[in-house]
Structures are given as structure tokens and as C-alpha cells.
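One structure is given here, and the rest of the page talks about it.
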Amino acid sequence: MKQLTKQTLIASILPLLSGLMVLFMPDFDAVFAWLTIGIYLLLIMLPGILYLKYKNRKNKEIVYRLTAKYMMYAFLLFWIFPILKLFSNNSVVQFLLLAIFISMLYLARYDQNTKVPIIFPGDDKKHKKIAYVYYALPLLFLIPVAGSGNVVAARRMAEQLGHSKTMMLFSIVIYLFSCWLLFFFSSITYKSHVKEGFLDE
């Protein structure tokens, strides 16, 4: 239980870090600043709400696990704020980007209910290849921004593109990575909480 408590405390810090990091990316926006504060205040109250919901259960691990789960979701949610800020004048695009992000939760659930899911595909060699492609995607996301690991190349690219285009590219990359990570994390939690019956214990 002590280890689980530590993990939950660490998870509670993650949304604060991502929220602060994207506060001025690509530009400061008061609406998103207040939205970040509001979401984090709700997260602070979350353990108490979950405790009341599951107060009759002898095993209170569920409170810690679900708290960590939702903290991780918020951590990833804040990373999509930069690209939402870029389309602050286009609510349709914002809604579409948010819908794609949220759809990762349901795609992960659907994937875990297939015979051979992408995450934890088992010994099937054919599907393992698909899993390898999925695991390699973050490297493809990082190549445009990191200049294939060359700091000088990345700096030159930023100078050539200019601040606005560089921030657009960076916002797209962290958005894609957040979607990728949400799918991965949701697959793990769905397997643990639902397929392995943790929530029914």
C-alpha cells in the first residue's frame, strides 16, 4: 500500500507540471489558464470523492489506483492545450481535436477486446509486428522537432521556420504524442481494471 500511495502522490504532481509547462505555450491565454486551475482543483478533490464512493469497500486500493488514473489523464490533457490555443478562433477544429484525443480512450478499450490487441499482443508474431510499429511511432513524431537528435539541426530548422511555424509543429507533435500515450495508458488500465477484474473485487 505504501508503494501505491507514493505512486499516487507522484501522479498527482504530473498534471501540475504539464499545466505549468504549457501555460505559455505557444502563447499565454487567460481562458486556458483558468481552465487549468479549475481542472487541477477538481483533481485535488478527487481522492475524497472516490473515498466516499467506495467507503463500503474493505480494499481501498481502488481509490489510489483511480486517482492515479485520472491524474494521468489530466496530465495528458494539458499537453493538448497548445494546439487548442492555436485554433482558439475555430471552435470546430478545437472540438475535432478534443474528440480525437478522447476517442483514444474508447479505441484502447476496443483494441483490448479484440482477440489480439496491439498492447500486450501475446506470442502472435504477426500482431507483434504491429505492436513494434506502434511503439516506434513516438520516434517518428520527434524527428521533425528534434532534428533526428541533432540539436544544431533542430535549432537551424527553428530559425528557418520562424517562431510561429515552429510552435505549430511542436504543438502538433506533443498533441500526437499525447494521443499515443493516452491509448497506451488506457490499454494498460483497462486490462488491469476491467479485464483482470480489479474493479469488481
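The values are calculated or read from the model by the stated rules, or taken from the named source; none is laboratory data. As the structure is a prediction and not an experimental result, all values here were calculated from the model. In this analysis, Cβ positions are derived from the backbone assuming ideal geometry, glycine residues included, and neighbour counts consider all displayed protein chains. These accessible areas exclude ligands, DNA and RNA; they are computed on the full protein's heavy atoms, side chains included. Shrake-Rupley method; radii C 1.70, N 1.55, O 1.52, S 1.80 Å.
3J(HN,Hα) along the range 71-87: 5, 5, 4, 5, 4, 6, 4, 4, 6, 8, 4, x, 6, 5, 5, 5, 10 Hz, from the Karplus curve 6.51 cos²θ - 1.76 cosθ + 1.60 with θ = phi - 60°, whole Hz, x for Gly and Pro. Residues 106, 51, sorted by accessible area with the largest first, give 106, 51 [1.4 Å probe; ligands and nucleic acids excluded]. Projected label points at residue 55 and residue 140, each 7 Å from Cα along the beta carbon direction, are separated by 5.0 nanometres. Computed over the range 1-47, the P(r) curve from all C-alpha pair distances, binned at 10 Å from the origin, holds 24, 46, 23, 7, 0 percent per bin. Say R0 is 45 Å: what FRET efficiency, to the nearest 0.05, do residue 129 and residue 14 get from their beta-carbon distance? So the FRET efficiency works out to roughly 0.90. Spacing of the modelled spin labels on residue 96 and residue 21, each 7 Å from Cα toward Cβ, amounts to 2.7 nm.
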